[in-house]
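Note sheet for the following structure.
The values are calculated or read from the model by the stated rules, or taken from the named source; none is laboratory data. These numbers come from a predicted model, not from an experiment. Neighbour counts are summed over all protein chains in view; Cβ atoms, including those assigned to glycine, are modelled from backbone coordinates with ideal geometry. Surface accessibility is based on the protein's heavy atoms, side chains included, excluding ligands, DNA and RNA. Shrake-Rupley method; radii C 1.70, N 1.55, O 1.52, S 1.80 Å.
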Amino acid sequence: MKNTSFLPTLHGHSSSSGMLLFVVLFLLQTVSCVPLFSSLVPGTGSEKQPPIYVINLARSAGRWEKMAAQLRQHGLSGRRVEAVDGRSLSNNDLRRVSTPLATHLLPRGVIGCFLSHVLFWELVVERGHECAIVLEDDCELQPDFASAVAETVRELPTNWDICLLGALGCAHPQGKHGILNELCAIYMGGTRRCQQISERVFVPRKPAGTHAYLISRRGAAKLLSLLTKATYHIDFVAWHSGLGLNLYAANPFVAYQDISAASTLVMAQVELESKSKPQRWGRRAASNASAPTQHAQSSSLLSRLAAKTEVGGGTRQTWAHVFAEPLLQLPHGPLITIGRHQVTVSLALLASAALLMQPSGSVWHRAGRTLLGTTVSAVVLVWLTVRYLVHQAIAAAVSDSRARARRPVAKTFSAAERAQAAVHAV
């Protein structure tokens with residue numbers, strides 16, 4: 001396995017010359033009062049830069065180059081972790097790494113994203129990092145990223161497991177989350193009491209997003225022992241308060257997600273998956289061929305407004321990004337995104353209202369009642385399924401935590417797979 005240290009290895013020097021070099025560096029540090037390393041590893045008392053990993057799909061080389069350039073601009077180094085490509089998972093792989101319901105109802109891109117972060121956690125534990133930073137390849141670093149991270153790290157409580165460097169959802173330090181985020185948090189559960197810990201650290205209410213976070217080795221080990229299989233979006237599960245993690249967030253955020261709908265690690269896989277999957281519903285080849293034209297035509301005033309209007313909460317997430325998020329993938333059927341779900345339900349309710357205005361007892365009135373009942377039933381079914389997928393993982397983690405504590409954690413990836421996934425550095 002290649003050396004993963006972020007400090008240069010000195011070759012060809014005797015022990016005496018090495019000691020002389022150390023003395024010279026020590027004197028330079030004393031005179032200039034400049035620290036040898038850029039930030040503190042919390043809880044260790046030692047000065048060392050937390051290693052930075054970037055999760056990136058093999059086919060997205062351009063995004064890796066963009067992230068590498070960002071890191072160089074900040075005077076930082078990073079190591080690329082090859083993301084798990086959900087499209088490449090066989091049926092046997094899916095059954096091994098995800099629950100039966102998730103295997104049939106989740107887009108493979110969602111499962112691939114989940115496994116990519118599991119791979120990162122395993123690397124943190126295996127390589128003995130006190131803590132490490134992970135960035136997804138659609139992350140936008142703030143100008144003061146390096147110094148802000150260093151200051152945030154110094155203010156973290158000693159019991160911390162995870163510190164979000166950027167987030168979506170209910171993640172405003174003063175609780176200004178926006179009505180959509182608040183309703184989602186209430187429905188999904190797993191909220192925390194928002195509180196300010198220090199000037200730069202706070203406890204978020206119901207965060208989402210995994211585009212930038214700092215994790216301790218203890219936190220990575222906890223997640224590996226609790227989340228043994230993919231069940232739903234990784235952020236909805238891993239950041240759930242039911243897991244008992246000591247989760248904090250940086251204030252202000254030092255990294256934001258590129259919120260263009262197809263730029264996230266999940267959506268990049270979901271989009272390609274939907275293009276490559278045979279269409280067994282609706283129009284087939286003709287619909288695929290006309291997709292770019294339809295997409296261009298759909299860039300109406302309303303869609304442009306959705307792309308520029310933020311949901312709220314200071315996360316920079318737009319309505320267009322929310323609408324593009326996948327909810328469920330029906331077996332051999334369409335991908336249900338939040339946007340498609342909302343449009344379908346809205347049209348069905350409007351149609352029901354129009355039909356119910358017809359004379360009572362007429363066939364149209366009865367059709368309206370039937371359509372309304374079907375629509376309500378479908379909405380309840382979708383959201384109960386989403387909630388169950390999330391809480392299925394939480395319930396399993398809590399009920400089986402004692403048993404898992406008494407046995408070694410089963411690794412999802414082999415040592416060879418972990419070594420092969422993290423071989424590129426900048």
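Computed values, structure above
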{"read-out": "In nm, spacing of pseudo-spin labels at residue 91 and residue 77 (7 Å Cα→C-beta vector)", "value": "4.6"}
{"read-out": "Protection-proxy order for peptides 137-146, 248-257, each taking the mean of Cβ atoms within 10 Å per residue, highest first", "value": "248-257, 137-146"}
{"read-out": "Using a Förster distance of 60 Å, the FRET efficiency for residue 179-residue 130 (Cβ separation, nearest 0.05)", "value": "0.90"}
{"read-out": "Estimated distance in nm for a label pair at residue 104 and residue 186, the labels positioned 7 Å out from Cα along Cα-to-Cβ", "value": "3.3"}
{"read-out": "Kirkwood Rh in Å, taken over the range 168-245 so that all alpha-carbon pairs contribute", "value": "13.3"}
{"read-out": "Projected label distance in nm at residue 349 and residue 385, using a 7 Å step from Cα toward the beta-carbon", "value": "2.0"}
{"read-out": "Solvent-accessible ranking of 343, 203, largest area first, probe 1.4 Å", "value": "343, 203"}
{"read-out": "Taking all pairs of distinct alpha-carbon atoms in the range 46-142, Kirkwood radius in angstrom", "value": "14.7"}
{"read-out": "Solvent-accessible surface (1.4 angstrom probe) belonging to residue 129, in square angstrom, nearest 10", "value": "20"}
{"read-out": "Area of residue 54 that stays accessible when all protein chains are in place (1.4 Å probe, Å², to 10)", "value": "0"}
{"read-out": "Rg/Rh for the range 339-388, where both radii come from Cα atoms and Rh is the Kirkwood radius", "value": "1.08"}
{"read-out": "Cα-only Debye scattering, the range 111-229: base-10 log of I(q)/I(0) at q = 0.21 Å⁻¹", "value": "-1.41"}
{"read-out": "Charge tally in the Cβ shell below 10 Å around residue 177, where Lys, Arg are +1 and Asp, Glu are -1, residue 177 excluded", "value": "+2"}
